[in-house]
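Undergrad: Attaching a single structure in structure tokens format; questions to follow.
The values are calculated or read from the model by the stated rules, or taken from the named source; none is laboratory data. This structure is a prediction, so every number in the text was calculated from the model and none was measured. FYI the Cβ positions are ideal-geometry reconstructions off the backbone, even for glycines, and counts take in every protein chain you see. Calculation scope for accessible area: heavy atoms of the full protein, side chains included, ligands and nucleic acids excluded. Shrake-Rupley method; radii C 1.70, N 1.55, O 1.52, S 1.80 Å.
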Amino acid sequence: MVDKAIEFATKAHAGQLRKGTSRPYIVHPVEVGDIVATMTDDEEVIAAAILHDTIEDCEAVTEAILEEQFGSRVASIVAQESEDKSKSWLERKTATIEHMRHAPIEVKMIGLADKLSNMRDINRDYPVIKEELWTRFRMKDKQTIGWYYKGVRDALADTFEHEKAYQEYCELVEKNFG
């Protein structure tokens, strides 16, 4: 199932790049899957991690298509991890933080892995391009972006306090946002 998810996500994200870079987008969902695999060996959850951005960011990918290809559990997890792009950035991020407080553990794992992957990118690129980094994001203000990553950190604290991925995430949030 994991190999099938990689193949599906690679096709769905074909031609997409990570914001402000020349890196193929697929490196992000594969990294998210790798991080989730450090927390569980459940192939459906790992597959959902790899597919986590397909509904949100890929034309013609719907929850129904994922259900047909991967089953209802995987499709449901991906749908729960997807943001409603019709809302403003602040509305979406506020909803994500709140959702992370009460979401099923599988969704929380993927949320943590997704944000850790993003923080690794920020940590790698910020020393090189400095303040220009923030222009990659819809919300171009470092303080507001930091508010979001800190909110996710706080929402996941009780669940993942002793998890290595969470500890790395906290270190990177502190290092980059104080």
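Undergrad: Any idea what angle helix 105-129 forms with the longest principal axis of the chain, computed on alpha-carbon atoms, 0 to 90 degrees, nearest 10?
TA: 40
Undergrad: If you take the Cα atoms of the stretch 14-142, find Rg, then find the Kirkwood Rh from the mean of 1/r over all pairs, what is Rg/Rh?
TA: Using only Cα positions, Rg/Rh for the stretch 14-142 is 0.96.
Undergrad: Could you calculate the FRET efficiency of MET1 with ARG138 from 1/(1 + (r/R0)^6), where r is the beta carbon distance between them and R0 is 45 Å, rounded to 0.05?
TA: Details: r = 33 Å, r/R0 = 0.72.
After rounding to 0.05, the efficiency reads 0.85.
Undergrad: In degrees, nearest 10, range 0 to 90: what is the angle between the Cα axis of helix 89-102 and the longest Cα principal axis of the chain?
TA: So the helix axis and the longest Cα principal axis differ by about 70 degrees.
Undergrad: Additional query: Enter the per residue convex hull volume of the stretch 101-178, computed from alpha-carbon coordinates, in Å³ rounded to the nearest integer.
TA: Measuring per residue, one finds 86 Å³ for the Cα hull of the stretch 101-178.
Undergrad: Can I ask one more? How charged is the neighbourhood of GLU106? Take every other residue with its Cβ under 11 Å from the Cβ of GLU106, and add Lys/Arg as +1 and Asp/Glu as -1.
TA: Cβ neighbours under 11 Å give a net charge of -1.
Undergrad: Probe radius 1.4 Å, ligands and nucleic acids ignored: give me the carbon and sulfur share of the accessible area of the stretch 1-140 as a rounded percent.
TA: Roughly 53 percent, rounded to a whole number.
Undergrad: Hey, can you find the accessible area per residue of the stretch 27-111 for me, probe 1.4 Å, expressed in square angstrom?
TA: Per-residue accessible area for the stretch 27-111 comes out at 44 Å².
Undergrad: For the stretch 136-178, what value does the Rg/Rh ratio take when both radii are computed over Cα atoms and Rh is the Kirkwood radius, given to two decimals? If you can, show how the numbers build up before the last one.
TA: Working: Rg = 11.0 Å, Rh = 10.8 Å.
Result for the stretch 136-178 is an Rg/Rh of 1.01.
Undergrad: How do LYS130, LYS85 rank by accessible surface area computed with a 1.4 Å probe, from largest to smallest?
TA: Reading off the accessible areas and sorting them downward yields LYS130, LYS85.
Undergrad: Let me ask you something else. How much area per residue is accessible in the stretch 112-171 when the probe is 1.4 Å and only protein heavy atoms are counted (Å²)?
TA: 53
Undergrad: Spin-label point model (7 Å from Cα, Cβ direction): what's the VAL27 to ASP57 distance in nm?
TA: The two pseudo-label positions are separated by 1.3 nm.
Undergrad: Of the lysine pairs in the chain, how many meet both conditions: Cα atoms under 16 Å apart, and a spacing of 8 or more in sequence or different chains?
TA: Within the chain, the lysine pair count is 22.
Undergrad: Then there is this: Residues in the stretch 107-122 near a label at ILE129, defined as backbone nitrogen under 16 Å from the 7 Å Cα→Cβ point?
TA: From the stretch 107-122, the list is 118-122.
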